[in-house]
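The block underneath contains the structure these notes are about, expressed in structure tokens.
The values are calculated or read from the model by the stated rules, or taken from the named source; none is laboratory data. It should be emphasised that the depicted structure is a prediction, and the values quoted were computed from it without experimental measurement. All Cβ positions, glycine included, derive from the backbone under ideal geometry; neighbour counts span all protein chains shown. Side chains included, ligands, DNA and RNA excluded: accessible areas come from the protein's heavy atoms. Shrake-Rupley method; radii C 1.70, N 1.55, O 1.52, S 1.80 Å.
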Amino acid sequence: MSRCHRLGVVVIWLLATAVDRWWWTQQSGVPAWDQADYLNSALDHGRALGLLPGGGWDGWSALLDLSPKIPPLASLVNGTVMAFSGDAPSDAAWSLSLWHGLLLLAVAGWGVRLRGEGLALLACLLTAMAPALLDLRTDYVLEMPLAAVVTLALWRLSVWCDPRVGGRWGQVCWATIAALAAVLVKQSALLALAPAGLWAAWIALRRRGLWLRQALVLPLLVFAMVVPWLRHNWITSLGGTNRAVFESAASEGDPGLLSLEGWLWYPRLLPEQLGLVLLVVGVSGLLLWCRKRSGAPGDDAWGWRWLVINLLAAWLLTSLSPNKGDRYIAPLLPALLLLLSRGWWQWGLWLRQWRPSWSAPLLGVGLLACIPAGWSLQQERLQDRPRGPLQALVQAAGGADPAVEPRTVIVVPSTPDLNQHNVSFYGRRSGGRLVGRQLGGSRNDRAPVLARAEWVVLAEGDQGSVRKAARKLDRTVRSSSVFEEVERFPRLKGGSYSLWRRRSDQPAAPGFAAKFPALAQGLSIGPAGLDSVFSAVAVEHMLDGHFSYRVQVERQARQQLALDPDDAQARWSLALLAVLANRPGAASEQFAALQRLNPQSPWPAAYRSVVLLAGWMPWAASAVANEAAAEQSNGVLVALDDLSGVLSGAFWRLPSAVSSVPKAAKLVESALNQPKDSN
């Protein structure tokens with residue numbers, strides 16, 4: 001790129017950033033569910049890095065704990081930016097401007113290779129003006145970082161695969177790092193990158209030699225960049241992906257894979273996402289280009305073929321995903337805008353031949369005509385932005401004040417303007433230690449709230465996306481003599497929110513730490529004890545969002561072991577704590593001690609094998625299960641032996657696993673249902 005071209009890209013970014021900052025000044029609302037969740041994640045990572053008040057470095061495992069479902073790269077960057085810009089939502093959004101700058105650099109670099117600096121600058125302008133991308137620059141979600149890194153990865157992969165200039169070590173390293181960075185922003189990057197990755201692998205296999213050796217960089221960098229996070233969080237990541245993709249699609253009523261509506265879902269969004277003028281001029285110009293294809297010198301035929309094929313393949317994969325949403329197609333929009341910019345460019349070439357003096361003025365008029373689409377979309381979005389008394393309510397509960405002791409507020413309603421996520425974010429700003437947690441999804445939540453909760457938020461009027469049980473919990477809190485109303489906060493669209501506090505003459509029941517050892521020892525009876533343990537833990541983690549019971553339980557268990565190393569109850573407590581904290585190694589150590597203390601029971605060995613599998617140690621899991629299964633007949637141990645054997649490479653045991661695993665699942669299911677049947 002020439003110096004003038006770089007300056008042009010910088011100017012476009014500065015103008016776009018100025019527009020973004022103006023739009024942020026117009027936003028008087030609060031972050032809704034997703035936005036608050038991502039702000040919380042950035043805040044968590046900034047604290048874990050020691051950059052924001054209220055946190056500090058506690059090691060890699062503690063850092064990886066903060067991203068159980070979505071990879072941590074964007075939150076690490078956003079949390080770092082937050083440390084310099086501030087933690088107000090509009091200040092934290094400066095990170096979106098940085099991601100947008102990366103996107104423009106990727107579009108500019110890709111555009112130069114496709115046609116030259118003129119088309120690259122045009123593509124940058126269209127990217128900066130596209131309504132969907134303007135929306136993502138002024139909405140705190142992950143699609144702007146995702147679009148930036150996916151575009152960078154596709155561009156760098158095209159450079160490495162180019163038969164004329166590719167095949168260099170530096171190219172494959174940068175391409176691989178960009179691709180892995182995209183996956184570390186969000187797993188859905190695989191939808192956009194899988195076709196390009198498979199094509200690149202095919203190219204390497206076909207060309208062999210140096211290309212094939214360079215392709216081996218991928219597994220090495222995957223191990224270095226992705227495996228640490230994936231190994232730590234693979235179970236919660238799979239569960240989160242299932243809920244986000246399949247369960248969410250079912251609950252939202254998204255169209256089926258074989259329906260015409262499903263295949264037209266994303267194309268019908270393009271006029272709104274890109275603007276009608278941008279789309280019509282671009283598509284018509286592409287048709288004109290196809291007619292003049294043989295007479296279009298200066299185009300990189302390989303580059304355009306790479307872009308079009310990967311764009312279509314990635315669009316197909318995204319359409320096949322059961323969960324539909326306007327944000328999910330965002331990573332492909334920059335590549336589509338590059339293609340449409342070629343249509344705009346073709347009209348410029350045609351005008352130069354027909355009326356040379358009209359070319360530049362008409363291009364300027366066309367670009368100006370693209371602006372109203374983004375303007376109207378932004379105004380419509382800002383009108384729907386949630387507004388409410390969130391900040392005042394959180395301050396009344398002692399949030400955003402590091403001098404106030406850690407608090408958990410039970411949030412019964414769930415609306416865009418007040419929910420557990422944005423209560424937590426506002427409660428932890430500036431080093432505060434107040435978190436919001438939601439209860440009310442089950443009728444069984446009422447008794448724990450009355451017994452243990454200190455602060456509760458209720459809603460008068462619309463309760464939001466909650467079940468009937470939440471409304472019953474609302475009535476229970478109001479009608480009981482346990483809580484008193486502290487203050488009521490009016491809502492703009494009618495109704496109000498009210499903050500309730502436990503009365504001073506209604507002390508809370510003894511803490512969870514007192515009954516944790518007995519619950520943990522319930523695991524000794526096998527799967528029949530799992531339901532009561534994890535049901536109680538799930539409710540406790542809502543009542544105590546800081547998990548303060550863990551310190552007390554561990555201290556007490558360590559003291560018991562110092563007096564008696566064979567104290568089984570202390571071992572069960574430490575084992576369960578390790579499981580809840582996602583520390584497979586520590587859990588395995590405690591289960592091994594319990595095996596020694598109670599060799600007749602199959603369950604310590606079974607639990608140990610499970611946590612070793614969770615820690616990606618299938619060989620050790622197989623050895624534990626095999627030894628225990630040889631000593632006592634137990635279907636669960638046999639299944640774990642077969643499963644861990646297959647995962648450790650003994651594929652000849654697959655037929656046995658196909659038989660034993662379903663049998664073990666039925667045994668576990670029967671044990672879980674046994675307490676209910678006996679009542």
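Below are the figures for this structure:
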| item | result |
| --- | --- |
| So A224, is it on the phi < 0 side of the Ramachandran plot, part of a helix (DSSP H, G or I), open to solvent by 40 Å² or more (accessible area, probe 1.4 Å) and of a type in the set (G, A, S) | yes |
| Verdict on E484 being open to solvent by 10 Å² or more (accessible area, probe 1.4 Å), closer than 17 Å to V394 by Cβ and either touching a strand residue (DSSP E or B) at 6+ places or on another chain (Cβ under 8 Å) or at pLDDT below 95 (or both) | no |
| Positions within segment 461-504 being free of Cβ contacts under 8 Å to residues at least 24 places away in the same chain and either β-branched (V, I, T) or over 24 Å from D417 (Cα atoms) (or both), in sequence order | S479, R503, S504 |
| Unmet criterion (only one of (1) over 17 Å from V579 (Cα atoms); (2) free of Cβ contacts under 8 Å to residues at least 12 places away in the same chain; (3) open to solvent by less than 20 Å² (accessible area, probe 1.4 Å)) for P507 | (3) |
| Extreme residue, farthest from Q187 (Cα to Cα), among residues of segment 50-63 that are open to solvent by 30 Å² or more (accessible area, probe 1.4 Å) and of a type outside the set (G, A, S) | P53 |
| Hey, L14 outside any loop (DSSP other than H, G, I, E, B) and open to solvent by 20 Å² or more (accessible area, probe 1.4 Å) or not | yes |
| Residue selected from segment 335-351 under the condition among the aliphatic types (A, V, I, L, M) and open to solvent by less than 10 Å² (accessible area, probe 1.4 Å), by the criterion farthest from A192 (Cα to Cα) | L340 |
| Cross-chain or 6+ apart pairs with Cβ under 7 Å, segment 1-23 first and of a type in the set (V, I, T), then in a helix (DSSP H, G or I) and open to solvent by 90 Å² or more (accessible area, probe 1.4 Å) | V9/L105 |
| Leading residue by the ranking (nearest to L473 (Cα to Cα)) among those in segment 510-538 that are open to solvent by 30 Å² or more (accessible area, probe 1.4 Å) and of a type in the set (A, V, I, L, M) | A538 |
| Any hit, segment 501-514, residues being of a type in the set (S, T, Y) and over 24 Å from Y549 (Cβ atoms) | no |
| Segment 420-440: number of residues that are touching a Lys or Arg at 6+ places or on another chain (Cβ under 8 Å), open to solvent by less than 40 Å² (accessible area, probe 1.4 Å) and not in a helix (DSSP H, G or I) | 3 |
| Residue count for segment 314-334, restricted to those that are in contact (Cβ under 8 Å) with a residue 40 or more places away in the chain and either open to solvent by 30 Å² or more (accessible area, probe 1.4 Å) or among the β-branched types (V, I, T) (or both) | 9 |
| Residue match in segment 40-51 (condition: touching a residue at least 60 places away in the same chain (Cβ under 8 Å) and in a helix (DSSP H, G or I)) | yes |
| Sole residue being within 26 Å of L238 (Cα to Cα), in contact with a Lys or Arg (Cβ under 8 Å, 6 or more places away or on another chain) and modelled with pLDDT of 95 or more, chosen from A42, A74, A36 | A74 |
| Residue among S504, S532, S498 that is on the phi < 0 side of the Ramachandran plot and part of a helix (DSSP H, G or I) | S532 |
| Of all residues in segment 548-565 being small (G, A, S) and touching a residue at least 40 places away in the same chain (Cβ under 8 Å), the one that is most open to solvent (accessible area, probe 1.4 Å) | S548 |
| Pairs, first free of Cβ contacts under 8 Å to residues at least 40 places away in the same chain in segment 86-106, second open to solvent by less than 40 Å² (accessible area, probe 1.4 Å), C-beta under 8 Å, six or more apart | G86/A92; D91/M82; D91/S85; W94/V81; W94/S85; L98/V81 |
| Elements of type helices (runs of 4 or more DSSP H) contained in segment 308-404, each with 2 or more residues being modelled with pLDDT under 90 | 333-354, 359-369, 371-383 |
| Condition met for A568 (at pLDDT 95 or above, open to solvent by 30 Å² or more (accessible area, probe 1.4 Å) and not acidic (D, E)) | yes |
| Criterion: of a type in the set (A, V, I, L, M), farther than 24 Å from A575 by Cβ and in a helix (DSSP H, G or I) - qualifying residue of V611, V658 | V658 |
| Unique match (being free of Cβ contacts under 8 Å to residues at least 24 places away in the same chain and either open to solvent by 60 Å² or more (accessible area, probe 1.4 Å) or part of a loop (DSSP other than H, G, I, E, B) (or both)) among L257, L212, L218 | L212 |
| Residue tally, condition small (G, A, S), surrounded by fewer than 24 Cβ atoms within 10 Å (Cβ to Cβ) and under 30 Å from D37 (Cβ atoms), over segment 133-174 | 0 |
| Flag if L76 is open to solvent by 20 Å² or more (accessible area, probe 1.4 Å) and within 27 Å of S341 (Cα to Cα) | no |
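Yes/no matrix, rows are residues, columns are (1) modelled with pLDDT of 95 or more; (2) part of a helix (DSSP H, G or I); (3) buried (at least 17 other Cβ atoms within 10 Å of the Cβ); (4) within 36 Å of the chain's Cα centre (by Cα):
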{"site": "W572", "(1), (2), (3), (4)": "yes, yes, yes, yes"}
{"site": "P604", "(1), (2), (3), (4)": "yes, yes, yes, yes"}
{"site": "E627", "(1), (2), (3), (4)": "no, yes, no, no"}
{"site": "G645", "(1), (2), (3), (4)": "no, yes, yes, yes"}
{"site": "A664", "(1), (2), (3), (4)": "no, yes, yes, yes"}
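Each row is one residue, and each column tells you yes or no for (1) in a loop (DSSP other than H, G, I, E, B); (2) surrounded by 14 or more Cβ atoms within 10 Å (Cβ to Cβ); (3) on the phi > 0 side of the Ramachandran plot; (4) over 31 Å from the mean Cα position of the chain (by Cα).
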{"site": "G262", "(1), (2), (3), (4)": "no, yes, no, no"}
{"site": "R268", "(1), (2), (3), (4)": "no, no, no, no"}
{"site": "G282", "(1), (2), (3), (4)": "no, yes, no, yes"}
{"site": "W289", "(1), (2), (3), (4)": "no, yes, no, yes"}
